[in-house]
Amino acid sequence: MKKKALIIGNTDGIGLAVTKRLLANDWDITGISRSESPIKHTAYHHRVADVSHFEYPELLNELLSEGLSDLCIYFVGIGELLDPLDMSHEPEVFDVNLTSMVKTASAVIPQMVKRGQGHFIGVSSLADELISAEAPSYYASKAGFSNYLRGLSLALKPKGVCVTNVRFGFVDTKMAKGDIKPLMMSAERAAEHIEVCIKKRPARYTAPKLVIPLIKFRKVMMKLGAK
Ligand SMILES: NC(=O)c1ccc[n+]([C@@H]2O[C@H](COP(=O)([O-])OP(=O)(O)OC[C@H]3O[C@@H](n4cnc5c(N)ncnc54)[C@H](OP(=O)(O)O)[C@@H]3O)[C@@H](O)[C@H]2O)c1
């Protein structure tokens, strides 16, 4: 029997690279995003939907009723620079990055717990440790995202369900903004890291490791700046 995966946010970037790799490894995949998928494959099924739409949980329940997934990966993420004169996009960043991930976990994980097996991966960022004046909603939503998944991981491990919080540095996709992108990796390299997570199922996975000292340095500078 083929293993089944549900991948949210996979018409582009890291999600697309992971979907291609898993199809090559004989997985059966259902993907969700707002546009049609570039992938044409007999083991791939795509649903066009916006995770922030009120009907998204119904779509998840419909898909789960058609067959349960061994693996679910939530890739969807958006970032907006703060415009203090127009903050109308701020709630959307939390809806898409955080609340919709929680809606996904809430639909998928109880089915996994009933079966006593399954793996939920959420793709976060090293931004989860930082505070940003430029994009506070992105950084804060990723902090909530990572904390939530770490709690879920502790709660669900005894029930046979693994939860992995992946924290990437810069990855070369349309999402990577800014002039300075130290140690940026390709989407294909990021997909290799996700494959390691699928095999080893760690609670937390950070890549690239070399970015960690840079984050620590930025945290020190943040603290000094706050004094
Ligand atoms: N790239 C980086 O430097 C970097 C670094 C750290 C962490 N991350 C995280 O990694 C994850 C993937 O990022 P990426 O770089 O691969 O981004 P990306 O290239 O922008 O891809 C995002 C994917 O999410 C889908 N999507 C966006 N909004 C959606 C919505 N409302 N409903 C449904 N699907 C939606 C997009 O497809 P549609 O447009 O078709 O909907 C696309 O397939 C994100 O959570 C991001 O925060 C990225």
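Could you state how much accessible area T99 has, in square angstrom rounded to the nearest 10, with a 1.4 Å probe and all protein chains kept in place?
Solvent-accessible area, nearest 10 Å²: 60 Å².
Local charge sum around V96 (other residues, Cβ-Cβ under 13 Å, Lys/Arg +1, Asp/Glu -1)? Could the numbers behind the result be given before it?
Working: positive: R34, K103, K142; negative: D50, E80, E90, E92, D95.
Surrounding charge for V96 is -2.
Where does helix 13-24 land angle-wise versus the long Cα axis of the chain, in degrees 0 to 90, nearest 10?
So the inclination is approximately 30 degrees.
Classify the chain from the C-alpha gyration tensor, please: rounded if a/c falls under 1.5, else prolate or oblate depending on whether a/b exceeds b/c.
prolate
Mind giving me the nanometre distance, one decimal, between the label points for S35 and R189, set 7 Å out from Cα along Cα→Cβ?
So the two model labels end up 2.5 nm from each other.
I need the shape label for the range 55-169. Rule: rounded when a/c is under 1.5, else prolate if a/b > b/c, else oblate, with a, b, c from the alpha carbon gyration tensor.
Details: a/c = 3.09, a/b = 1.71, b/c = 1.81.
Note, shape of the range 55-169 comes out oblate.
Suppose all protein chains stay in the model; what accessible area per residue would a 1.4 Å probe give for the range 4-226, in Å²? Let's see the in-between values first.
Details: 11320 Å² over 223 residues.
With all protein chains present, the range 4-226 gives 51 Å² per residue.
Which net charge results when you count Lys and Arg as +1 and Asp and Glu as -1 among the other residues whose beta-carbon is under 13 Å from that of I78?
Values: positive: R34, K142, K174, K177; negative: D12, D50, E80, E90, E92, D95.
Surrounding charge for I78 is -2.
Just to confirm a number: summing +1 for Lys and Arg and -1 for Asp and Glu over residues other than R189 whose beta-carbon lies under 12 angstrom from that of R189, what do you get? Numbers along the way, then the final one.
Numbers: positive: R21; negative: D172, E188, E192, E195.
My count for the surroundings of R189 gives -3.
Cross-link partners among lysines for K219, C-alpha distance below 23 Å, same-chain residues fewer than 8 apart left out?
Within the straight-line limit of under 23 Å, K219 reaches these lysines: K142, K177, K181, K209, K227.
Just read off the accessible area of L214 with the full protein assembly in place, 1.4 Å probe, to the nearest 10 Å².
80 Å²
First compute the accessible area of the range 1-150 with a 1.4 Å probe, then give the percent of it belonging to carbon and sulfur atoms. Please list the in-between numbers first.
Values: 3740 of 7030 Å².
Carbon and sulfur: 53 percent of the exposed surface of the range 1-150.
Could you work out how far the C-alpha centroid of the range 125-184 sits from that of the range 36-85, in angstrom?
Centre-to-centre (Cα) distance: 18 Å.
Need one value: the accessible area of L152 in square angstrom, 1.4 angstrom probe, rounded to the nearest 10.
30 Å²
Using a Gaussian network for the chain with springs between C-alpha atoms less than 10 Å apart, which of these wobbles most: G178, G144, G67?
Comparing G178, G144, G67 in the GNM, the peak value goes to G178.
Taking square-rooted eigenvalues a ≥ b ≥ c of the alpha carbon gyration tensor, is the range 1-64 rounded, prolate or oblate, where a/c under 1.5 means rounded and, failing that, a/b exceeding b/c means prolate?
Details: a/c = 2.25, a/b = 1.42, b/c = 1.59.
It comes out oblate by the Cα gyration axes.
Given labels modelled 7 Å from the Cα in the Cβ direction, how far is it in nm from H53 to S132?
About 2.8 nm separates the two model spin labels.
The values are calculated or read from the model by the stated rules, or taken from the named source; none is laboratory data. This structure is a prediction, so every number in the text was calculated from the model and none was measured. Positions of Cβ are generated from backbone atoms using ideal geometry, with glycine treated the same way; all protein chains shown enter the neighbour counts. Calculation scope for accessible area: heavy atoms of the full protein, side chains included, ligands and nucleic acids excluded. Shrake-Rupley method; radii C 1.70, N 1.55, O 1.52, S 1.80 Å.
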